[in-house]
Amino acid sequence: MKLLISGGSIVNAEAIWDHVTMADRELAFKAGDVIKVLDASNKDWWWGQIDDEEGWFPASFVRVEPHPPQPQTKQVFYINPIAAPRFQNTSTKLWVNQEEGTAVEAVEGASPSPSEVQNGHADASPSSSDCLCLGQPIQNRDQMRANVINEIMSTERHYIKHLKDICEGYFRQCKKRRDMFNDDQLKVIFGNIEDIYRFQMGFVRDLEKQYNTEEPHLSEIGPCFLEHQDGFWIYSEYCNNHVDACMELSRLMRDGRYQHFFEACRLVQQMIDIAIDGFLLTPVQKICKYPLQLAELLKYTVQEHSDYRYVAAALAVMRNVTQQINERKRRLENIDKMAQWQASVLDWEGDDILDRSSELVYTGEMSWIYQPYGRSQTRVFFLFDHQMVLCKKDLIRRDILYYKGRINMDRYNVIDAVDGRDDDFNVSVKNAFKLSNKDSDEIHIFLAKKLEDKLRWLRAFHEERKMVQEDEKIGFEISEYQKRQAAMTVRRMTKQKGHRSVPPGYPPPMDPMNPGQHLVGDSMDQSEFESTEPERCKSPFWQSFSRLTPFRK
C-alpha cells in the first residue's frame, strides 16, 4: 500500500479510545495500543496495522507519535493533503503523542485545536491558542478538563455536519430517484438516520447552552446526557440495521450506475472523500464513543465540581445504552440460526419462530401435565422470548424433534409449586412449577428432574420477562427484511445439502446461574448428544444454536 506519511516514514499512533469494530476491514484495538499508520490520506479514516492485522480505523480515536518515539524533542508531523479538490492547498498536522505529565504549547502561530488535530484536519482559520504540542509544564486538572470538554464539543459539531451530509447529500437525492431506489431499499440503507439527525440537533443545542466559552472547564454538560438519555435508544434500530445496509450497498455497487450516482451525490454536497458506507458507519462509531469520552471527562472532574455527579450518572447511562445496543446486535446476528432451527423441527405448524421471537433463552427436558387430560408427558421445551415451543423426540431416532405446540408466554404467569399433593391436578408433585393463563382457568404444570433444574427454569422465565420489557422500552424488533434474509439463508443451505435439514439432537441447556456454561442433567443422557451412526458426523449447528442463550448477570 502506498505510504502517505510525509517523508516516507511510518508513523505510530497511540489509541486513546477503544475501537469496537462494526464492519469488515476495520482494525480493532484497545486504549493504549500502538497502531502503525500506513495510510493517512483521509482525514477521518486511516489505514493501519497491529501485528499482522491491517484495517481501517477512525483517526479521532488515536494520537500520533513519530517512530521511534522521542518524547524529549518537540516535533510536528504533516501528512499529505486530502485528495478532494477543496483541500488541495491544506496540509494536515498530526497531534504528537505526549508522555504522561508532559504539557503542550502553541507552535507556528496558526494551529488547529486538539480535536481538529486528532481528526486529522484543520479549519481554515484556527486559533493559535488551541494547538497541542510538547514542551510545557504539567497542565492542571482544570486545563485537562477543558481539553476534554473542547474535544466533546468539537466532535459533536463535526458529527452534526456528517449527519446533515448523509440526509441532504445522499438520502434526499436517493428519494428523488424512484427509478433506482424503492421504499424498502431506502429503509434498509438509511434506517432511521433522519430521526437520529433531528435528535442530535436538539442534543447539541442543549449542549451548546451548557458550554462555557470563557472557562470551558466550568461547563456542566452531564445533565444534557441525562435529559436526553431516552433519545439515545434510537441508535439501537440504526445499529441493528447497519449490517443489512452494508449488504444492500454492496449489492447495488456491483452496478456502475449506483457507483456514479453516489459519487455525484458526494461531489454536489461537497462532502469529504469517503465512500457512502463510511458515512453510514459514523452513527455506529459515535454511540460507541460516548462512554469513552465521558469516562475521560470524569477522570479530570474533581468530586467538588458541580458537574461531577451528573457526569458519573451520564457515564453509567451511556454504558448501559451501548451495552444493550451490542446485545441487540448480537441477537440479530443469530436469527439465521433460529430460522435454521425451525427448519430442522419436523411437522412445524403455525407462525414462524421469528414472527415473535429473537432469542433462545433456555432449553431442556421435563415432564408436563396439561388440563384437562391430566396425563404426564415428557417433552423438550425451548423457551424463547414471548413463547415456549414444545417438541417430542423420535422414538427411534432420538436426535429428531417433532413440533408439538407452543405456549404464549405473554398470557401466562409463572407460579412456584410446593412439593406434595397438588390440588389443581390431584397428583403428587416434586420440583414443580406452573404456568397459569391470565385470562382463563387453563393451567400447565411442569416437573423437573432435580431441584436445581427447577430453579434454573424459574430463573429463565424471569430473564424472559425482563428481556421482553427491555425490548418494549427501546422498540426492538426484527424487520421484515431481516426475516426474509434469514429465510433465504435457510433455503440456500437446504438446497446445498440437497435434503431437509434434520437436527442431530437438541443442545444441552445453558446454566442461568453460571452464564456461558452448558448443563447435562440426569434427565438427559450424555450419549444423546453423540452420533449413534458412525458415517454421520455431528453437525456444529446445535452447538452454535445453544450459544444463543447468554444469561445476563
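Numbers below:
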{"quantity": "Cα radius of gyration and Dmax for segment 278-318 (Å)", "calculated": "12.4, 41"}
{"quantity": "Links that overshoot a 19 Å alpha carbon limit, given the list K393/K438; K286/K329; K176/K483; K43/K161", "calculated": "K393/K438; K176/K483"}
{"quantity": "DSSP-loop GluC sites (Glu not before Pro) across segment 300-367, with at most 11 other Cβ within 10 angstrom", "calculated": "E304, E349"}
{"quantity": "Trypsin sites (Lys or Arg not before Pro) within segment 294-388, DSSP loop, no more than 16 other Cβ atoms inside 10 Å", "calculated": "R375"}
{"quantity": "Charge dipole (debye, nearest 20) of segment 297-336; +1 at Cβ of Lys and Arg, -1 at Cβ of Asp and Glu", "calculated": "80 debye"}
{"quantity": "By average C-beta atoms within 10 angstrom, highest first, the peptides 475-481, 195-201", "calculated": "195-201, 475-481"}
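Values quoted throughout were computed directly from the atomic coordinates according to the rules given, and no laboratory measurement underlies them. Since the structure is predicted, the reported quantities are computational estimates derived from the model, not experimental observations. Glycine also receives a Cβ, built like all others from the backbone with ideal geometry; neighbour counts cover every protein chain displayed.
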